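Okay, structure first, notes after.
The values are calculated or read from the model by the stated rules, or taken from the named source; none is laboratory data. Only a predicted model underlies this, so the values are computations on that prediction, with no experimental measurement involved. Counting neighbours? That spans all protein chains shown, and the Cβs are built from the backbone with ideal geometry, glycine included.
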Amino acid sequence: MTARVILNEQHQLMDAQKAELDERFNPDGWEIFPVPENGWKLDEMQKIAEGLSRVQVVFASPVPALMKLLSAYSVDCQAQRTDGGTTETFFVLHNDRREKKELPNGKIIMTVAKTGWVIV
């Protein structure tokens with residue numbers, strides 16, 4: 001089963017994110033599920049969530065309402081297991097690391113590092 005990586009069409013995966021996905025799902029075990037530039041309406045997200053309810057989903061771009069809908073399906077899926085195991089279906093790409101950057105005006109900002117990505 002191929003994992004679906006939720007990614008806004010305006011975003012790109014970093015090399016470290018791709019490596020993490022390859023390690024978890026194998027290079028041919030995941031594919032991008034593109035989010036349109038203008039997003040989806042709630043009723044569209046409900047249909048999308050139903051279609052993704054039994055596959056592994058990794059959020060690389062946040063879509064809060066879809067995350068909420070899919071997290072509920074994930075809990076239902078785990079609750080239905082009778083063998084005591086769990087079937088994880090809901091993941092996010094996460095990074096604790098930050099890098100300092102100085103803007104041309106001298107202001108210092110913190111940005112997410114290119115390395116340090118994990119799937120949780």
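The table below lists the values:
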item: Members of the stretch 90-120 found to be among the basic types (K, R) and either assigned to a loop (DSSP other than H, G, I, E, B) or closer than 19 Å to R4 by Cα (or both), listed by number; result: R97, K107, K114
item: Residue check for D28: outside any strand (DSSP E or B), acidic (D, E) and at pLDDT 95 or above; result: no
item: Of residues in the stretch 31-68 being in a loop (DSSP other than H, G, I, E, B) and β-branched (V, I, T), the one surrounded by the most Cβ atoms within 10 Å (Cβ to Cβ); result: V63
item: Neighbours by Cβ (under 9 Å, 6+ apart or cross-chain): first from the stretch 1-14, of a type in the set (S, T, Y); second surrounded by fewer than 17 Cβ atoms within 10 Å (Cβ to Cβ); result: T2/D28; T2/G29; T2/E31; T2/V55
